[in-house]
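To start, the structure itself, in C-alpha cells.
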Amino acid sequence: MEVITMDLMQLLLSEMEREAVTTKKMLERIPDDQLDYKPHEKSMAMRYLATHIAEIPTWVPMILNTEELDFKENEYVPKEIKNNADLMKLFEDSLASGKEALKKAEISQLEDHWTMRDGDNIFFKDTKYEMIRHTYCQIVHHRAQLGVYLRLLNVPIPGSYGPSADEPS
C-alpha cells in the first residue's frame, strides 16, 4: 500500500483553488440588472451576498496574520460593486490574496488560535487551521444561497461537485 503525504498548506491551497472554480462559475452568472434582487424580505440583496462570497478568500490572510476579528472594533463594510465585472475583479483579487497568504504561511501558524467576536460575544474560537477550513465552508454555504437566488431568477445553475439539472454532463 502506497502512503501519500502532502503538506497541509498545499492541501489548503488545493482546496481553495478547487472551490474557486465553482465559485467563479456561480458569480459569473449574476445578471447586472438583478444585483438588488432579494427572494424574501429577510434575505440579503444579491449584491451583498455576492460581495460577501467574493471577499471570503481574504479571510485566509486575516486569520493567518492576526489573532482575532472583533466586529465591535472593526465594523464590516463590504466593497462596493456596480456590476458583474466589478464583482469578478473583486473575487479574483481576493482569491489571489488568499492563495498568496497560504503560499507564504508556515505550518506552525495553523496551530495558533484565532477568535471571531463582537465584543464579549465570541462566535468562534479555534485553531487557525480550523478557522481557514471554516471559511471554505462559508463559501460553500453562501454559494448555495446564491444558487437559490439564481434558480428563482431562472438563471441556469452550474454543476458544483457533479452535474446540475441545467448542465447534466
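The values are calculated or read from the model by the stated rules, or taken from the named source; none is laboratory data. Here the structure is a predicted model, which means the values were calculated and not measured. Positions of Cβ are backbone-derived with ideal geometry, glycine not excepted, and every protein chain shown enters the neighbour counts.
It is to be established whether one or more residues within segment 121-129 are more than 14 Å from residue 23 (Cα to Cα), assigned to a helix (DSSP H, G or I) and either at pLDDT below 95 or in contact with a strand residue (DSSP E or B) (Cβ under 6 Å, 6 or more places away or on another chain) (or both). Please lay out each step first, then the result.
Let us first name the residues in segment 121-129 that are more than 14 Å from residue 23 (Cα to Cα), namely 121-129.
This time we only want the ones that are assigned to a helix (DSSP H, G or I), so: 128-129.
Keeping just the survivors that are either at pLDDT below 95 or in contact with a strand residue (DSSP E or B) (Cβ under 6 Å, 6 or more places away or on another chain) (or both) gives 128.
So far as segment 121-129 goes, yes, one or more of its residues are more than 14 Å from residue 23 (Cα to Cα), assigned to a helix (DSSP H, G or I) and either at pLDDT below 95 or in contact with a strand residue (DSSP E or B) (Cβ under 6 Å, 6 or more places away or on another chain) (or both).
The number of residues in segment 131-144 being closer than 23 Å to residue 38 by Cα and out of contact with any Pro (no Cβ under 9 Å at 6 or more places or on another chain) comes to 7. Could you say whether any residue in segment 130-146 is touching a strand residue (DSSP E or B) at 6+ places or on another chain (Cβ under 6 Å), part of a helix (DSSP H, G or I) and either closer than 28 Å to residue 10 by Cα or touching a residue at least 60 places away in the same chain (Cβ under 8 Å) (or both)? So far as segment 130-146 goes, yes, one or more of its residues are touching a strand residue (DSSP E or B) at 6+ places or on another chain (Cβ under 6 Å), part of a helix (DSSP H, G or I) and either closer than 28 Å to residue 10 by Cα or touching a residue at least 60 places away in the same chain (Cβ under 8 Å) (or both). Please determine whether any residue of segment 90-113 is surrounded by 15 or more Cβ atoms within 10 Å (Cβ to Cβ), within 21 Å of residue 34 (Cα to Cα) and over 16 Å from the mean Cα position of the chain (by Cα). No, segment 90-113 contains no residue that is surrounded by 15 or more Cβ atoms within 10 Å (Cβ to Cβ), within 21 Å of residue 34 (Cα to Cα) and over 16 Å from the mean Cα position of the chain (by Cα). Checked against (1) free of Cβ contacts under 8 Å to residues at least 60 places away in the same chain; (2) at negative phi, residue 53 passes all but a single condition, namely (1).
In a residue-by-residue description of segment 19-37, the property of being over 11 Å from the mean Cα position of the chain (by Cα) and small (Gly, Ala, Ser) applies to no position.
Of all residue pairs spaced 6 or more apart or on separate chains, those with beta-carbon atoms under 8 Å, a first member in segment 87-114 that is free of Cβ contacts under 8 Å to residues at least 24 places away in the same chain and farther than 25 Å from residue 24 by Cα and a second member that is outside any helix (DSSP H, G or I) and not aromatic (Phe, Trp, Tyr) are 111/127. For segment 3-46, a residue qualifies if it is among the basic types (Lys, Arg) and closer than 24 Å to residue 132 by Cα, and the qualifying residues are 18, 24, 25. Considering segment 61-89, and only residues there that are within 21 Å of residue 8 (Cα to Cα), touching a strand residue (DSSP E or B) at 6+ places or on another chain (Cβ under 9 Å) and not hydrophobic (A, V, I, L, M, F, W, C), the residue that is surrounded by the most Cβ atoms within 10 Å (Cβ to Cβ) turns out to be 66. Within segment 151-165, the presence of at least one residue that is in a helix (DSSP H, G or I) and modelled with pLDDT of 95 or more is confirmed. Quick one: which residue in 134, 141 is surrounded by fewer than 15 Cβ atoms within 10 Å (Cβ to Cβ) and on the phi < 0 side of the Ramachandran plot? One residue alone meets the criteria, 141.
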